[in-house]
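This report concerns only the one structure given below.
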């Protein structure tokens, strides 16, 4: 009997030591780790304020078990510099600024992609023509006039220009005149006023056509009584342009990366107040999903050097 008891005690001690080793191993990655520093662009036109982000900070800290600090930076260029240099190890990016960060050092990776309330992961750039103009396709827009927005606008300029170039179209030759408007709304107003033949816009392409879809410039204009969807025809749309991701430094411990990913995919259910605090898009806040790297390929193409090399 004593031999049996000794054998049982030996088994228990072995299991305890094994479990203790696992606990110690699980805690090892926290040793010397001073916490998450979340870089947030707080320029005058940015969407965030530190006080508003407190529910998100507290949620992320509780979910990961490490200290979390919100670090204010001036804008997206400063955010990229801060993460590349190690001043922050988590950043809230626009899609193009994230692509620029990756192109700069390949030291960041997307951990969570925002999802709209309707499940959309982003939106589309579109080209519109007036109904009755005879322009039904991009091919029929050749020799017509076009209204774009400023050179820095992703949906209003960069993506459509990239797409046209991919189709072998030189815009200045293809269109008789290109007008630059302040924003997509102004471009569409110019179209409705017959000042141009084609105009740029952007849309979710989810929901009903009658309301201008679920969100985007068409939705806002329909809601404001400035547009009836029966007045226009969509003659071209881009591939999906994703919402900007939350991105982490690639050298974070794998256990922490997994904890962050789990926390972000659960935020809509677990902490809706934290989601409201960090949702800068205002499309209803569908939460976050873990993105595939291919989601950002369209914006990577915008920032990638023309020879295809990395910097």
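For the reader, a short list of remarks on this structure follows.
- Unmet requirement for residue 234, which otherwise passes all of (1) surrounded by 13 or more Cβ atoms within 10 Å (Cβ to Cβ); (2) in contact (Cβ under 8 Å) with a residue 60 or more places away in the chain; (3) not assigned by TED's automatic domain parsing to the domain that holds residue 161: (3)
- Looking only at region 81-97, residues that are within 13 Å of residue 246 (Cβ to Cβ), in a loop (DSSP other than H, G, I, E, B) and out of contact with any strand residue (DSSP E or B) (no Cβ under 7 Å at 6 or more places or on another chain) come to 1 in all.
- Search result, residues across region 133-146 that are surrounded by fewer than 16 Cβ atoms within 10 Å (Cβ to Cβ) and in contact with a helix residue (DSSP H, G or I) (Cβ under 9 Å, 6 or more places away or on another chain): 134, 142, 143
- For residue 256, the conditions (1) more than 20 Å from residue 58 (Cα to Cα); (2) more than 18 Å from the chain's Cα centre (by Cα) are fulfilled apart from (1).
- Scanning region 116-125 for residues that are in contact with a helix residue (DSSP H, G or I) (Cβ under 8 Å, 6 or more places away or on another chain) and assigned to a loop (DSSP other than H, G, I, E, B) yields a single hit, 121.
Per-residue answers, yes or no, for (1) outside the structural domain of residue 235 (by TED's automatic domain parsing); (2) in a loop (DSSP other than H, G, I, E, B):
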position: 79; (1), (2): yes, no
position: 109; (1), (2): yes, no
position: 113; (1), (2): yes, no
position: 127; (1), (2): no, no
position: 132; (1), (2): no, yes
position: 136; (1), (2): no, yes
position: 147; (1), (2): no, no
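- Residues of region 239-262 satisfying the condition of being under 18 Å from residue 160 (Cα atoms) and crowded, with 19+ Cβ neighbours inside 10 Å: 241, 242, 243
- Of the helices (runs of 4 or more DSSP H) contained entirely in region 152-250, those carrying at least 1 residues that are touching a helix residue (DSSP H, G or I) at 6+ places or on another chain (Cβ under 6 Å) and at pLDDT 95 or above fall at 184-192, 217-223.
- Of 52, 70, all but one fail to be in a loop (DSSP other than H, G, I, E, B) and modelled with pLDDT of 85 or more; the exception is 52.
- Remark: residue 103 falls outside the filter, which requires a residue to be closer than 16 Å to residue 292 by Cα, surrounded by fewer than 21 Cβ atoms within 10 Å (Cβ to Cβ), outside the structural domain of residue 201 (by TED's automatic domain parsing) and touching a helix residue (DSSP H, G or I) at 6+ places or on another chain (Cβ under 9 Å).
- Residue that is nearest to residue 58 (Cα to Cα), among those in region 269-285 that are surrounded by 17 or more Cβ atoms within 10 Å (Cβ to Cβ) and modelled with pLDDT of 90 or more: 274
The values are calculated or read from the model by the stated rules, or taken from the named source; none is laboratory data. Only a predicted model underlies this, so the values are computations on that prediction, with no experimental measurement involved. Glycine also receives a Cβ, built like all others from the backbone with ideal geometry; neighbour counts cover every protein chain displayed.
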